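Dumping the structure here so I can ask a few things about it.
The values are calculated or read from the model by the stated rules, or taken from the named source; none is laboratory data. Computed from a predicted model, the values in this text were never measured in an experiment. Here Cβ is always computed from backbone atoms with ideal geometry, including for glycine, and neighbour counts include all displayed protein chains. Accessible surface is based on the protein model in full, side chains and every heavy atom, while ligands, DNA and RNA are left aside. Shrake-Rupley method; radii C 1.70, N 1.55, O 1.52, S 1.80 Å.
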Amino acid sequence: MCPSRNTIYTLLWTMTVVALSFLFTGCDRTSDVEKGSLTGKVILVNDTDDPSLDPVDFSGVTVALYPLAILDTTIVRINNTFPDTGIQISQMTEFDHRLQNPMAITSTGADGKFLIKKIPVGAYNVVFLKEGWSIKYLFSVGIVQNDLVDVSENQIKPAVYFSGYVSESVTFKADKVYIVTGTTSFIAPVTIESGTQIYVSPDESIRFHENMQISGGTGANLYWKMGSAHNLYTNSATVIDSNLYFTALSMYAGNINLNHGLIRHVRDGVNFFSNGSSASMMDIKHFSSGFSFNNCGGSATRISARYGSLKAIQILSPTDSLTVSHSILYKTHDGISAYTAGRALITDNYFHINYNAIRAENNNGTISHNEFNLNQFDINLYSSSYTISNNNFYYTKDTTIAPRGFVLVSRNNFYRTGKYFVSIRKLGGTVFSWVYANVDAKYNYWAVADIDLYIYDALDNAQFPEYPCPFSVIYLPKLNTKNPFAGIRR
């Protein structure tokens, strides 16, 4: 017996309704399953002697959920290839809540508890903010599908404010925020614990005149941080441009070892004024000038200097020496600048996308075992004498080496240049060469068929008869295969 026409219509209608229901609601059900929730508690703890800061309750703490900071893939590649050069970037080094908009936000209740629902599955940075209190970050918190993630109990303590002269010893403690509202001079010994955050108001400075000790940390407290205090308690994206930078961090005591610090948004940078100074495992980002050694020698080891409009590392001492090693100089005007300086030892560094990777004037030294890539000029020398050996020059946008003085160039790998590998010609004036003798550039590897096309010396006099250059770059004998020992040593 065949079904009736009405039965068939009813069956078709039912199937259509089911199909449409799945089409329009199925995705919503799936997306609901692929979400989770976040809960926890924030406790306000008054660790000062000021009873006015005793909390009545724990309400009013902003809890903001942010997407992870995007890591620069170039720096990640350098970190992976040369893990002992510069510092390893991570959410800890890259995330600043002021530079992003939160994707979810709530506030704590009187008991300090909070709850954020319907969060897409993934990893996020969580920020706790309350005006006048310390700021706490939880990095890479994972939201699990159809689950409630509990970040447990988190304490935040009152922020501490400084301005003027501080004559007593100070310890900058981990997990606390310190705000410098006016230029401040510490004239007693100071200890900085890793994990502390120090923020300096725009156009103000912080100065340490006595001994400074850095107390190392691990995990989430691996680094201490110092940056501009602009819009510190905002919960929406802001721009911190150069007119909002703090002025400088300056140290006047001798034998300072500044280490495991993150410096952000500073104009005149980190300044050393006494011998025996050193910087190691430091990361400076968004600056005009970076690390300066003023009338003193010292060392800079495992420095990352990124996004600088002027000089990343500079030595300004006519007699003392500076060693720069295992550092990353990235997107600055001058990576290393040695002006009227003593001897510089520049070794095992990575120079990438700078205008001048190295600019030296009236000094001498050694440049060896470095990696140069995509700089406008790799090595610009002015009245300086250097030995340049065992470096990799991958690609120079303009000129790789422009010597002005005595230079020995040996055992390097020259791969590609936009203009010249070595240029010793000067056009104009009464002297038409930058050097005082032939340049010894023997025993290098040149990855080009006709080297003369990339050397600018006396062989080019026919092109400029009115500007004869008396000297040549002597490049024979040359290496027929690349030097495997060139570049950063691992």
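Relative to the Cα centre, what is the charge dipole magnitude of segment 391-433, using +1 at the beta carbon of each Lys and Arg, -1 at the beta carbon of each Asp and Glu, and rounding to the nearest 20 debye?
Here segment 391-433 has a charge dipole of around 40 debye.
In whole Hz, with x marking every Gly and Pro, tabulate ³J(HN,Hα) for segment 467-477 from phi via Karplus 6.51 cos²θ - 1.76 cosθ + 1.60, θ = phi - 60°.
10, x, 9, x, 10, 10, 9, 8, 10, 10, x
Of Asn271, Phe406, Met281, whose Cα points farthest to the positive end of the dipole of the chain (charges on the beta-carbon: +1 Lys, Arg; -1 Asp, Glu; origin at the Cα centre)?
The Cα lying farthest towards the positive end belongs to Phe406.
Any chance you could check the Cα centroid distance between segment 120-177 and segment 242-262 for me, in angstrom?
A separation of 23 Å, based on Cα centres.
Rounded to the nearest percent, how much of the accessible area of the chain (1.4 Å probe, protein heavy atoms only) is carbon and sulfur?
53
Next question. Holding the Cα-Cα limit at 32 Å, pick out from Lys130/Lys285; Lys311/Lys426; Lys225/Lys419 the pairs that are longer than that.
Exceeds cut-off: Lys225/Lys419.
Moving on to the next point. Report, largest value first, the span of the C-alpha coordinates of segment 91-217 along each principal axis, in whole Å.
Projected onto the principal axes, the Cα atoms of segment 91-217 cover 55, 28, 27 Å.
Once label points are set 7 Å from the Cα along Cα→Cβ at both Leu476 and Asp452, what is their separation, rounded to one decimal in nm?
Going from the Leu476 label point to the Asp452 one covers 1.0 nm.
Here's something else I'd like to know. Given a cut-off of 20 Å, what percent of all Cα-Cα pairs of segment 59-124 lie beyond it?
The calculated P(r) of segment 59-124 puts 48 percent of pairs beyond 20 Å.
Here is a follow-up. Could you pull out every one of the lysines with an alpha carbon less than 16 Å from that of Lys482, ignoring same-chain neighbours closer than 8 positions?
Lys482 reaches Lys442.
Between Lys113 and Asn146, how many nm apart are label points set 7 Å from Cα along the C-beta direction?
2.4
Over all alpha-carbon pairs in segment 281-352, figure out the percentage whose distance exceeds 18 Å.
28
So, one more: Could you give the dipole magnitude of segment 405-490 about its Cα centre, charging the beta-carbon of Lys and Arg +1 and that of Asp and Glu -1, in debye to the nearest 20?
Dipole size: approximately 600 debye.
Counting heavy atoms of the protein chains only and a 1.4 Å probe, report the per residue accessible area for the chain as a whole number of Å².
44
Next up: Is there a quick way to get the dipole size of the chain? I mean about its Cα centre, with the Cβ of Lys and Arg at +1 and of Asp and Glu at -1; what is the value in debye to the nearest 20?
Value, rounded to 20: 1140 debye.
Moving on to the next point. Along segment 83-90, what does the Karplus equation 6.51 cos²θ - 1.76 cosθ + 1.60 (θ = phi - 60°) give for ³J(HN,Hα), rounded to whole Hz, x for Gly and Pro?
x, 9, 10, x, 10, 7, 7, 7
To check my understanding: the extent here is largest minus smallest coordinate of the Cα atoms along each principal axis. What are those three numbers for segment 183-278, in Å, largest first?
Cα spread of segment 183-278 along its principal axes, largest to smallest: 41, 31, 20 Å.
Quick one: angle between helix 5-33 and the longest Cα principal axis of the chain, in degrees between 0 and 90, rounded to 10, please.
Tilt of helix 5-33: around 50 degrees.
Follow-up question, since we're still on this one. What accessible surface, in Å², does a 1.4 Å probe find on Glu204, ignoring ligands, DNA and RNA and rounding to the nearest 10?
Counting only protein heavy atoms, the figure is 50 Å².
Which of the lysines could a cross-linker span from Lys117 if the Cα-Cα distance has to be under 19 Å and same-chain partners fewer than 8 positions apart are dropped?
Partners found: Lys35, Lys41.
Just by accessible area at a 1.4 angstrom probe, what is the order of Lys482, Lys41 from largest to smallest?
Lys482, Lys41
Another question about this same structure. Along Cα→Cβ, 7 Å out, is where each label goes; now give me the distance between the ones at Ala462 and Thr171 in nm to one decimal.
Placing both labels 7 Å beyond Cα along the Cβ direction yields 7.6 nm.
Based on the alpha carbon coordinates of segment 231-366, what radius of gyration and maximum Cα-Cα distance (Dmax) apply, in Å?
14.5, 50
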